[in-house]
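Peer 1: Got a structure here, written out as structure tokens. Questions coming.
The values are calculated or read from the model by the stated rules, or taken from the named source; none is laboratory data. The model shown is predicted, which means the values in this text are computed figures rather than measured ones. Please note: Cβ atoms are built from the backbone with ideal geometry, for glycine as well, and neighbour counts cover all protein chains shown. Side chains are part of the model used for accessible areas, which takes the heavy atoms of the whole protein and leaves out ligands, DNA and RNA. Shrake-Rupley method; radii C 1.70, N 1.55, O 1.52, S 1.80 Å.
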Amino acid sequence: MTPQTDRVDHELIRAAAHIAATRCRGDNHTMAAAARARDGRIVTAVNAYHFTGGPCAELVLIGTAAAQGVYDLDIIVAVGDRDRGVVPPCGRCRQVLLDYFPALKVIVRTNDGLRTVPVTDLLPESYIWANHQLDAEENTPLSTS
């Protein structure tokens with residue numbers, strides 16, 4: 001991982017922790033996420049667990065943000081219920097977050113404490129979906145990376 005890119009956004013962590021403490025109930029909702037939009041707004045969400053699978057809090061947050069007209073997230077954090085603190089995104093969320101917001105920063109807990117890292121650091125040598133989509137007019141890849 002690269003060194004810390006930005007200060008840790010403790011207000012964002014508090015927002016996610018508050019949602020985890022007040023809205024996560026039972027086994028259906030066990031994680032909360034909070035993200036800061038580029039304009040400073042904070043969006044929050046909880047996961048929707050189901051034994052067949054279900055969206056993580058980060059993925060629910062993407063939809064919640066879009067429903068609120070927020071399409072440009074700057075930083076995100078996930079917090080577990082029962083005072084579990086900051087939890088890193090799972091592999092699926094890492095890929096989706098990278099595809100939706102390639103410049104996104106993620107707050108994670110490391111052995112050295114909380115850090116803010118680029119989502120790209122969480123998926124080194126990753127597949128970036130947008131780079132492999134065809135340009136509709138030219139029928140060629142949008143990017144060659």
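Peer 1: Restricting attention to region 25-40, which residues are in contact (Cβ under 8 Å) with a residue 24 or more places away in the chain and either under 11 Å from residue 75 (Cα atoms) or surrounded by 21 or more Cβ atoms within 10 Å (Cβ to Cβ) (or both)?
Peer 2: Hits for region 25-40 are 31, 32, 33, 34, 35, 36, 37, 38.
Peer 1: Okay, next question. Could you tell me which numbered condition residue 44 fails, if it satisfies all but one of (1) in contact with a His (Cβ under 9 Å, 6 or more places away or on another chain); (2) within 17 Å of residue 9 (Cα to Cα); (3) open to solvent by less than 30 Å² (accessible area, probe 1.4 Å)?
Peer 2: If we test residue 44 against (1) in contact with a His (Cβ under 9 Å, 6 or more places away or on another chain); (2) within 17 Å of residue 9 (Cα to Cα); (3) open to solvent by less than 30 Å² (accessible area, probe 1.4 Å), just (3) comes out false.
Peer 1: If you check 27, 112, 74, which single one turns out to be among the acidic types (Asp, Glu), at pLDDT below 95 and within 20 Å of residue 7 (Cβ to Cβ)? If you could, list the steps in order and put the result at the bottom.
Peer 2: On the way: 27 fails: within 20 Å of residue 7 (Cβ to Cβ); 74 fails: at pLDDT below 95.
Exactly one of 27, 112, 74 is among the acidic types (Asp, Glu), at pLDDT below 95 and within 20 Å of residue 7 (Cβ to Cβ), namely 112.
Peer 1: Go through region 68-77 and count every residue that is assigned to a loop (DSSP other than H, G, I, E, B) and of a type outside the set (Ser, Thr, Tyr).
Peer 2: Residues flagged as assigned to a loop (DSSP other than H, G, I, E, B) and of a type outside the set (Ser, Thr, Tyr) within region 68-77 amount to 4.
This table checks each residue for (1) surrounded by 13 or more Cβ atoms within 10 Å (Cβ to Cβ); (2) at pLDDT below 95; (3) part of a strand (DSSP E or B); (4) within 15 Å of the chain's Cα centre (by Cα).
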| site | (1), (2), (3), (4) |
| --- | --- |
| 62 | yes, no, no, yes |
| 66 | no, no, no, yes |
| 79 | yes, no, yes, yes |
| 89 | yes, no, no, yes |
| 108 | yes, no, yes, yes |
| 139 | no, yes, no, no |
| 143 | no, yes, no, no |
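Peer 1: Determine if region 26-37 includes at least one residue that is touching a Gly at 6+ places or on another chain (Cβ under 7 Å) and assigned to a loop (DSSP other than H, G, I, E, B). Break it down into steps so the answer makes sense when it comes.
Peer 2: Of the residues in region 26-37, the ones touching a Gly at 6+ places or on another chain (Cβ under 7 Å) are 30-31.
Now restrict to residues that are assigned to a loop (DSSP other than H, G, I, E, B): 30.
Yes.
Peer 1: Within region 82-95, is even one residue touching a residue at least 60 places away in the same chain (Cβ under 8 Å) and in contact with a Cys (Cβ under 6 Å, 6 or more places away or on another chain)?
Peer 2: Looking for residues that are touching a residue at least 60 places away in the same chain (Cβ under 8 Å) and in contact with a Cys (Cβ under 6 Å, 6 or more places away or on another chain), one finds none in region 82-95, hence no.
Peer 1: Only residues that are surrounded by 12 or more Cβ atoms within 10 Å (Cβ to Cβ) and closer than 30 Å to residue 125 by Cβ: list them for region 2-24, please.
Peer 2: Selection gives 4, 5, 6, 8, 9, 12, 13, 16.
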